[in-house]
Ligand code: SF4
């Protein structure tokens with residue numbers, strides 16, 4: 001079995017952005033203290049097997065994990081090292097938001113073992129940042145990037161969002177140019193989705209913000225692939241690009257079906273075979289459950305073979321290298337070509353997928369309409 005990954009959810013942010021529907025809330029020091037203790041206890045109590053499992057990636061996601069102190073991060077990592085066999089060369093990522101860190105703090109995070117920063121730049125346009133309810137400015141993005149390099153981070157990922165209300169292709173092109181000029185090792189690219197119940201959805205409903213334009217967002221996606229390709233970035237997953245050798249090792253586990261154990265509120269886990277489970281979403285309720293020595297797991301799903309096959313196809317298709325039909329046959333004893341013959345013909349004629357010898361891949365149009373392609377296999 002491949003080494004597993006560990007995901008640690010930190011559900012606190014300075015303020016809440018207008019488009020956000022993640023499990024996160026405003027930072028509360030007292031709750032954060034209790035939450036970190038609960039997290040440590042949940043990791044220590046992990047009992048899938050008696051033997052310690054091998055782990056080669058740890059990912060602090062959120063929320064804004066960089067709001068934790070280096071001492072809190074150290075305690076969480078120590079708990080992980082006590083319960084799992086964490087490889088010395090493990091990739092340890094921390095999501096950070098511009099303006100939430102100092103040079104000294106970054107150096108201390110590096111000293112705890114964090115060696116990759118995933119950095120929520122989003123856009124280099126102050127007006128767009130304001131519209132999103134982000135608390136940082138474009139200058140904060142530039143400054144934080146410089147601080148990360150100065151603190152010794154040699155593996156930095158940028159998040160960028162396209163398809164914002166009132167964003168133009170020219171504006172997006174300027175954002176891209178600035179991001180690429182900084183040469184982060186990795187880029188994650190999202191097209192804005194408007195989620196019901198968020199302030200942004202309400203602003204659009206009231207007419208205070210424009211509904212994002214899907215066709216324009218598709219043009220932005222194509223421009224992103226073109227310009228980043230010209231700058232030597234490899235498009236390796238629908239929403240992710242990197243310089244050679246800098247794929248996110250942790251996130252790749254989700255797409256290749258390797259085990260990832262999640263800790264903290266709303267964290268999801270997968271044992272790499274047939275079991276998935278997830279934790280209580282609310283931070284205060286999660287903390288209270290662990291403090292009361294109850295399980296924070298609120299849902300467990302045992303995949304049947306049909307669901308496992310479907311997952312391996314639609315998660316594998318997220319990777320631009322595609323699904324290997326021979327590996328699929330070896331794992332499930334089934335011929336994917338024969339199983340989905342009519343669907344594959346239809347999707348191929350629509351220009352959404354292509355078969356390259358034994359690899360089934362999305363085309364660029366397929367990547368843009370990936371959810372429709374995936375529905376075929378669910
Ligand atoms: S910083 Fe990220 S997680 Fe926090 S509120 Fe904004 S979008 Fe949500």
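Let me spell it out: the conditions are (1) touching a residue at least 60 places away in the same chain (Cβ under 8 Å); (2) part of a helix (DSSP H, G or I); (3) surrounded by fewer than 21 Cβ atoms within 10 Å (Cβ to Cβ), and residue 281 meets all of them except one. Which number is the exception?
Going through the list (1) touching a residue at least 60 places away in the same chain (Cβ under 8 Å); (2) part of a helix (DSSP H, G or I); (3) surrounded by fewer than 21 Cβ atoms within 10 Å (Cβ to Cβ), residue 281 breaks only (2).
Tell me whether segment 157-169 contains one or more residues that are surrounded by fewer than 19 Cβ atoms within 10 Å (Cβ to Cβ), on the phi > 0 side of the Ramachandran plot and at pLDDT 95 or above.
no
Here is a list: 30, 52, 45. Which entry is closer than 27 Å to residue 135 by Cα and either more than 10 Å from the ligand (Cβ to nearest atom) or in contact (Cβ under 8 Å) with a residue 12 or more places away in the chain (or both)?
Selected residue: 30, the only one of 30, 52, 45 that is closer than 27 Å to residue 135 by Cα and either more than 10 Å from the ligand (Cβ to nearest atom) or in contact (Cβ under 8 Å) with a residue 12 or more places away in the chain (or both).
If residue 97 satisfies every condition in (1) in contact with a strand residue (DSSP E or B) (Cβ under 9 Å, 6 or more places away or on another chain); (2) away from the ligand (no atom under 16 Å from the Cβ); (3) modelled with pLDDT under 95 but one, which is the exception?
(2)
Evaluate segment 34-50: report whether one residue or more is touching a strand residue (DSSP E or B) at 6+ places or on another chain (Cβ under 7 Å) and closer than 30 Å to residue 192 by Cα.
The answer is no; no qualifying residue exists.
Hey, could you check segment 108-117 for residues that are surrounded by 16 or more Cβ atoms within 10 Å (Cβ to Cβ) and away from the ligand (no atom under 16 Å from the Cβ) and say which is nearest to residue 247 (Cα to Cα)?
116
Go over the candidates 120, 133 one by one and state the one that is in the same structural domain as residue 242 (by TED's automatic domain parsing), at pLDDT below 90, within 16 Å of the ligand (Cβ to nearest atom) and buried (at least 18 other Cβ atoms within 10 Å of the Cβ).
Testing whether each residue is in the same structural domain as residue 242 (by TED's automatic domain parsing), at pLDDT below 90, within 16 Å of the ligand (Cβ to nearest atom) and buried (at least 18 other Cβ atoms within 10 Å of the Cβ) leaves just 120.
The values are calculated or read from the model by the stated rules, or taken from the named source; none is laboratory data. Note that this is a predicted model, so its numbers are computed, not measured. Here Cβ is always computed from backbone atoms with ideal geometry, including for glycine, and neighbour counts include all displayed protein chains.
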